[in-house]
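Report on one structure; see the data block that follows.
The values are calculated or read from the model by the stated rules, or taken from the named source; none is laboratory data. The model shown is predicted, which means the values in this text are computed figures rather than measured ones. So basically every Cβ, Gly included, is an ideal-geometry build from the backbone, and we count neighbours across all protein chains shown. Ligands, DNA and RNA are stripped out before the accessible areas are found, and what is left, the full protein with its side chains, is counted by its heavy atoms. Shrake-Rupley method; radii C 1.70, N 1.55, O 1.52, S 1.80 Å.
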Amino acid sequence: MVSPDVPVLRARGLIKEFPVGGSLGRKSALRAVDQVDLELHAGKTHGLVGESGSGKSTLGKLLMRLLTPTAGTVEFEGQDITRADRRQLRPVHRRLRMVFQDPYSSLDPRMTIGDIVAEPLRLHRVARGRALDERVAALFDQCGLSPAWRHRYPHELSGGQRQRVGIARALSLQPSLLIADEPVSALDVSVQAGILNLLKDLQQQLGFTCLFISHDLSVVEFMSDRIAVMYLGKIVEEAKASELFVQPRHPYTQALLSAEPPLRAAPDAARRVVLSGDLPSALDPPAGCLFHTRCPVAEPTCRVEQPELATRGDDEHLVACHLVLPDGTGPRL
Ligand code: SF4
């Protein structure tokens, strides 16, 4: 039994570089995740938000150990799984499951949805025969799937129904941690709320921990207790969801919030801040603060010194910006 004080998952100094061919045969590396520390606590939902290309999905795969980190460590339920091999990861992947972004491609089109949900239970030898049938029926019921669909194939279901199948499959082994990577971004807006509410209800019933990854701030706000904001592979701000949306301290978070007013927006968040330029390439990141090329309040120091992610204002609010003072006050865009 893992002590309740131990985070369900803890990452320290996580780095992921992908080799790329350079000019004149020289090799270089794309750093997709850069020195990330993260702790996920039991029964909570931790949101991870950032633009496309910010490294959040790569981070999710590192935490799942679908990718091996270049440096840093990952501990799951107190066990170091950084270099665990396939055999060692097998029992880990009973307790650590993922819901994928695209319900169209993440389900095997040749299998019935009953078999898709039953497969992890069979592979991990959790149930068979009548017990397996009953477990699958219970998962269908929990995830709002009609028992009549058990013999259908994925192409016979709608996108929302397919994502329910993906969730039922992910929960079949009663995981302690679910990593949901953009689980509603491929769905029509009209069905997104149903899937988000289902995930919330299931978490309340079953008590699993969740890492919820999305580019959509309002969705992350709805789902999360705590939120980390990523920019170019780094976490630039992390705080309780209620605090982040009322008092965003990093200029990037403020710009994101102003661009997409969330459900409980800060009073002045509707004033839109348009960032100039695109996300810089991770192949050639800027020196100093990674955000300085787009930051409306950048100062000369920002171009040479990288700010550290540190607590400012209170122990639970972390921010990486030179202009945020120790009491948490700082730039307002
Ligand atoms: Fe902007 Fe400078 Fe703060 Fe970076 S460190 S966010 S460039 S003010």
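Some points to look at:
- Selected residue [open to solvent by 50 Å² or more (accessible area, probe 1.4 Å), in a helix (DSSP H, G or I) and of a type in the set (Ser, Thr, Tyr)] from SER190, SER105: SER190
- For region 1-29, residues that are basic (Lys, Arg) and at pLDDT below 85 total 2.
- Sub-6 Å Cβ pairs linking a first residue in region 45-74 that is closer than 29 Å to SER218 by Cβ and at pLDDT 95 or above to a second residue that is open to solvent by 10 Å² or more (accessible area, probe 1.4 Å) and part of a loop (DSSP other than H, G, I, E, B), at least 6 apart or interchain, are THR45/SER224; THR45/ASP225; GLY47/SER224; LYS61/LEU67, ordered by first then second residue.
- Taken over region 140-174, residues that are over 30 Å from PRO91 (Cβ atoms), open to solvent by 20 Å² or more (accessible area, probe 1.4 Å) and not in a loop (DSSP other than H, G, I, E, B) amount to 6.
- Residue within region 127-137 that is open to solvent by 50 Å² or more (accessible area, probe 1.4 Å) and of a type in the set (Asp, Glu) present: yes
- Filter pass, LEU66 being open to solvent by less than 50 Å² (accessible area, probe 1.4 Å) and among the hydrophobic types (A, V, I, L, M, F, W, C): no
- Candidate set: region 300-333, residues that are of a type in the set (Lys, Arg) and away from the ligand (no atom under 11 Å from the Cβ); chosen: the one surrounded by the most Cβ atoms within 10 Å (Cβ to Cβ): ARG312
- Hey, ARG87 assigned to a helix (DSSP H, G or I), surrounded by fewer than 21 Cβ atoms within 10 Å (Cβ to Cβ) and in contact with a His (Cβ under 9 Å, 6 or more places away or on another chain) or not: no
- Selected residue (criterion: farthest from GLN35 (Cα to Cα)) from residues of region 248-278 that are more than 14 Å from the ligand (Cβ to nearest atom), at pLDDT 75 or above and among the aliphatic types (A, V, I, L, M): ALA259
- Screening ALA180 against (1) outside any strand (DSSP E or B); (2) at negative phi; (3) out of contact with any Lys or Arg (no Cβ under 7 Å at 6 or more places or on another chain) leaves a single unmet condition, (1).
- If you go through region 302-322 and keep only what is part of a loop (DSSP other than H, G, I, E, B) and at pLDDT 95 or above, you end up with VAL304, GLU305, GLN306, PRO307, GLU308, LEU309, ALA320, CYS321, HIS322.
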